[in-house]
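Structure, as structure tokens:
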Amino acid sequence: MKLLEERIIRDGRVKEGNVLKVDSFLNHQIDIALYNEMGKEFRRLFPGDAITRILTIEASGIGIACAAAQYFHVPVVFARKTHSINLDDDVYTARVRSFTHQREYDIIVSKRYLTSEDHVLIIDDFLANGCAVNGLLELVYSAGATVEGVGIAIEKGFQKGGSLLRGRGIRVESLAVVESMDAAAGTITFRRT
Ligand code: 5GP
């Protein structure tokens, strides 16, 4: 998505450790007009009528999922992060390793908001090694629901998440795929499809 790529080039900052900072428009300060265009693009990429729920993970995925949900006309459910093991019978849980904080946490979603009837579109801000999306997939499978696909704002194509998910036959659509980035030079290149 050209608009997003241009914005990443203009305002994104490459940090050591393969981290791309996009705080000024995507996940700290938020550009709602850009979010809306991203929401429309997700709808264009997943045009069918099967999707019944959008599932994301707090906190950065929520806004993007909400922007998309306006065009899918379905509810957004976000998995909550918790640092204590949840033994509650009313929730599905999965364990996720955080890319940015290098530690593990559990994610939970209420059984009331994810059922075997659901056809789920998973949305998140970044795809790196795929841990967050894997955790969300585990929640969907625990519920006996169907995965319709995964929509990502920024995929770092040089990390393994995208190819692992696609290798499992999961449809992954990313609005911008970073092919390479260099913290010292401050350069970013995108994959052309
Ligand atoms: P993964 O679980 O795929 O390894 O990493 C994805 C998660 O880590 C996303 O939910 C996102 O919050 C965070 N993340 C991964 N890479 C980056 C990055 O380069 N920049 C930022 N801001 N967040 C990232």
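The values are calculated or read from the model by the stated rules, or taken from the named source; none is laboratory data. Not measured: the values here are computed from a predicted model. Here the Cβ is made from the backbone with ideal geometry for all residues, glycine too, and neighbour counts use every protein chain on show.
Observations
- Among the residues examined, Gly162 qualifies as within 12 Å of the ligand (Cβ to nearest atom), at pLDDT 95 or above and either more than 11 Å from the chain's Cα centre (by Cα) or over 20 Å from Asp23 (Cα atoms) (or both).
- Restricted to strands (runs of 3 or more DSSP E) entirely inside segment 60-139, those with at least 1 residues that are buried (at least 21 other Cβ atoms within 10 Å of the Cβ) and within 10 Å of the ligand (Cβ to nearest atom) are 119-127.
- Residue count, segment 23-73 (criterion: under 13 Å from Gly149 (Cα atoms), in contact with a helix residue (DSSP H, G or I) (Cβ under 6 Å, 6 or more places away or on another chain) and charged (D, E, K, R)): 1
- With respect to the stated conditions, Ala50 fails to be within 19 Å of Val140 (Cβ to Cβ) and assigned to a helix (DSSP H, G or I).
- Residue within segment 26-41 that is within 10 Å of the ligand (Cβ to nearest atom) and not in a loop (DSSP other than H, G, I, E, B) present: yes
- So Phe72, is it in contact (Cβ under 8 Å) with a residue 40 or more places away in the chain and not β-branched (Val, Ile, Thr): yes
- Scanning segment 1-54 for residues that are touching a Gly at 6+ places or on another chain (Cβ under 7 Å) and more than 15 Å from Ala68 (Cβ to Cβ) gives Val14, Leu20, Lys21, Val22.
- Of all residues assigned to segment 82-95, at least one qualifies as being closer than 26 Å to Phe158 by Cα, more than 13 Å from the chain's Cα centre (by Cα) and in contact (Cβ under 8 Å) with a residue 40 or more places away in the chain.
- Just one of (1) surrounded by fewer than 16 Cβ atoms within 10 Å (Cβ to Cβ); (2) over 21 Å from Glu173 (Cβ atoms) fails for Val14. It is (1).
- Every condition in (1) out of contact with any Phe, Trp or Tyr (no Cβ under 8 Å at 6 or more places or on another chain); (2) within 14 Å of the ligand (Cβ to nearest atom); (3) over 27 Å from Glu5 (Cβ atoms) is met by Val172 except one, and the failing one is (3).
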